[in-house]
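Single-structure report; data block below.
The values are calculated or read from the model by the stated rules, or taken from the named source; none is laboratory data. Please read these numbers as outputs of a predicted model, since none were measured by experiment. Please note: Cβ atoms are built from the backbone with ideal geometry, for glycine as well, and neighbour counts cover all protein chains shown. The accessibility values were calculated without ligands, DNA or RNA, using every heavy atom of the protein model including side chains. Shrake-Rupley method; radii C 1.70, N 1.55, O 1.52, S 1.80 Å.
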Amino acid sequence: MNEFDLIQSYFNWQITDQAIDLGVGDDAALFNLEPGHQLVTSTDTLVEGVHFFKDSSPADIAYKALAVNLSDIAAMGAVAKCYTLSLTLPKINQNWLKEFSSSLKGSSRLFNVNLVGGDTTRGPLNITISMMGSIEIDSPILRSGARVEDDIYVTGDLGTAALCLKKIEEGVKPSQNELNKLNRPIPRLELGSALKKLANSCIDVSDGLEQDLSHILKSSDMGAVIEIQKLPIDDSVGKYINKTHDWSLPLSGGDDYELCFTADISSRDKIMKLSQELKIKVTKIGVINSSKKLVIDGYDGQTSSYQHF
Ligand SMILES: [Mg+2]
């Protein structure tokens with residue numbers, strides 16, 4: 001099977017978005033932006049042994065490669081449209097490709113995005129997706145927009161994916177819920193898009209809350225106080241903390257793919273209403289100030305967010 005057969009067999013699906021004029025099959029793809037909109041684009045790579053285990057299921061890998069990219073688009077408040085896939089494979093394994101391709105196709109339909117091109121090469125297993133989306137000009141939610149006295153919010157629960165990873169590394173069997181949090185994070189696309197009129201700043205929590213919130217603070221030239229007891233955690237993480245008094249999973253565990261955003265106090269009711277409408281838990285965890293420092297109230301332990309190098 002050569003590269004062209006591989007693409008034809010596994011990565012050439014029917015386009016479901018009329019804005020895409022040209023998908024897989026030419027030198028480049030074409031898609032039309034609506035008038036008054038900007039292109040939003042983001043890239044994320046998953047590497048075997050770094051971002052997933054050697055024996056991870058191809059279906060989970062495909063889903064997560066797409067979801068982590070969608071999470072970045074969600075954090076901008078944009079609508080995801082289409083993506084390219086760069087796939088590096090150690091060898092052509094038809095069973096692996098079948099499962100990967102079927103999951104990627106299903107996940108693409110689920111999130112309403114289309115694969116429009118890419119590249120395949122031989123080498124250590126590595127999946128890079130570049131996601132493209134659109135948003136009305138001047139409306140993206142940037143990291144740099146936080147203001148003094150903004151409320152700080154976070155979606156969902158934090159730390160469950162990190163707990164799952166910890167259990168796997170320690171040879172303990174995680175629960176199905178924990179595995180879902182690690183392997184099947186849900187990108188907060190709908191909420192992100194709705195927040196573009198409400199949030200002053202936003203980031204997706206991929207490397208740990210402490211580090212990702214610090215990116216907002218640095219970009220905005222602000223500081224913050226968050227209250228450790230307010231961090232949203234599920235029962236399994238709660239049990240772990242009760243036993244160990246170690247808050248590092250929700251503070252710096254990473255792989256949560258939740259949104260952390262800041263908004264003016266006047267938006268509080270609207271944000272809570274949105275949370276109810278979309279059935280997404282949104283928790284206020286602290287307040288922005290001008291100190292340029294992040295204070296974690298009620299915690300004096302160590303934290304160590306994920307470092308890429
Ligand atoms: Mg991000």
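Anything over 18 Å Cα to Cα? Flag those among LYS173/LYS239; LYS230/LYS281; LYS218/LYS281, in the order listed.
Pairs exceeding the cut-off: LYS218/LYS281.
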Practice problem: Using only the C-alpha atoms of the chain, find the volume of their convex hull and express it per residue in Å³. | Solution: 138 Å³
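Please report how many Lys pairs in the range 34-136 have alpha carbons closer than 16 angstrom, counting only residues at least 8 apart along the chain or sitting on separate chains. Please report the intermediate quantities before stating the final value.
Numbers: LYS54/LYS64; LYS54/LYS91; LYS64/LYS105; LYS81/LYS105.
So the count works out to 4.
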Quiz item: On a 0 to 90 degree scale, rounded to 10, what angle separates helix 268-278 from the longest Cα axis of the chain?
Solution: 40 degrees
Quiz prompt | Cα centroid separation - the range 118-167 against the range 1-71, whole Å | solution = 16 Å
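Using mean Cβ contacts within 10 Å as the protection proxy, how do 131-139, 117-125 order, highest first?
On the way: 131-139: 18.2, 117-125: 13.8.
So the order, starting with the most tightly packed, is 131-139, 117-125.
May I ask you to give the percent of accessible area on the chain that is carbon plus sulfur, with a probe radius of 1.4 Å?
49 percent
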Practice problem: Report, to the nearest 10°, how far helix 160-169 tilts away from the longest principal axis of the Cα atoms in the chain, using its own Cα long axis and a range of 0 to 90°. | Solution: 70 degrees
Quiz prompt | Karplus (6.51, -1.76, 1.60) ³J(HN,Hα), θ = phi - 60°, over the range 110-118, in Hz, Gly and Pro reported as x | solution = 4, 9, 6, 10, 10, 7, 10, x, x
Self-check item: DSSP bridge orientation in the chain - percent antiparallel, rounded to nearest 5
Solution: 75 percent
Practice problem: With θ set to phi - 60°, apply the Karplus curve 6.51 cos²θ - 1.76 cosθ + 1.60 along the range 48-59 and write out the HN-Hα couplings as whole Hz, x wherever there is a Gly or Pro. | Solution: 4, x, 10, 9, 8, 7, 4, 9, 4, 6, x, 5
Quiz item: Taking amide hydrogens as modeled 1.01 Å from N in the peptide plane, which residues meet the under 5 Å criterion relative to GLY223, leaving out close sequence neighbours?
Solution: ASN289, SER290, SER291, LYS292, LYS293
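Helix-only mean residue ellipticity at 222 nm, the chain, DSSP H runs n ≥ 4 weighted -39,500 (n - 2.57), per residue, nearest 500. What is it? Before the final figure, lay out each step's value.
Values: 10 runs with 106 residues, N = 309.
After summing the helix terms and dividing by the residues of the chain, the value is -10500 deg cm²/dmol.
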Exercise. Could you rank the peptides 11-18, 148-155 by their average count of other C-beta atoms within 10 Å per residue, with the highest value first?
Key: 148-155, 11-18
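Let me check against my output: what whole-number percent is the relative contact order of the range 156-282, with C-alpha pairs under 8 Å and at least 6 apart?
Reported as a whole number, the value is 45 percent.
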Quiz item: According to the square roots a ≥ b ≥ c of the eigenvalues of the Cα gyration tensor, what is the shape class of the range 34-136, taking rounded for a/c under 1.5, prolate for a/b larger than b/c otherwise, and oblate for the remainder?
Solution: prolate
Practice problem: Might you report the magnitude of the Cβ-based charge dipole of the chain about its Cα centre, with Lys and Arg at +1 and Asp and Glu at -1, to the nearest 20 debye? | Solution: 500 debye
Quiz item: Given the convex hull over the Cα atoms of the range 143-297, what projected area results after averaging over all orientations, in nm²?
Solution: 8.6 nm²
Quiz item: How large is ³J(HN,Hα) for each residue in the range 60-71, as worked out from phi by the Karplus curve 6.51 cos²θ - 1.76 cosθ + 1.60 (θ = phi - 60°), to whole Hz, x for Gly and Pro?
Solution: 5, 4, 4, 4, 5, 4, 6, 5, 5, 6, 5, 4
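Using a probe radius of 1.4 Å on heavy atoms only, what accessible surface per residue do you get for the chain? Whole Å² is fine. The partial results should precede the final answer.
Details: 15170 Å² over 309 residues.
For the chain, the solvent-accessible area averages 49 Å² per residue.
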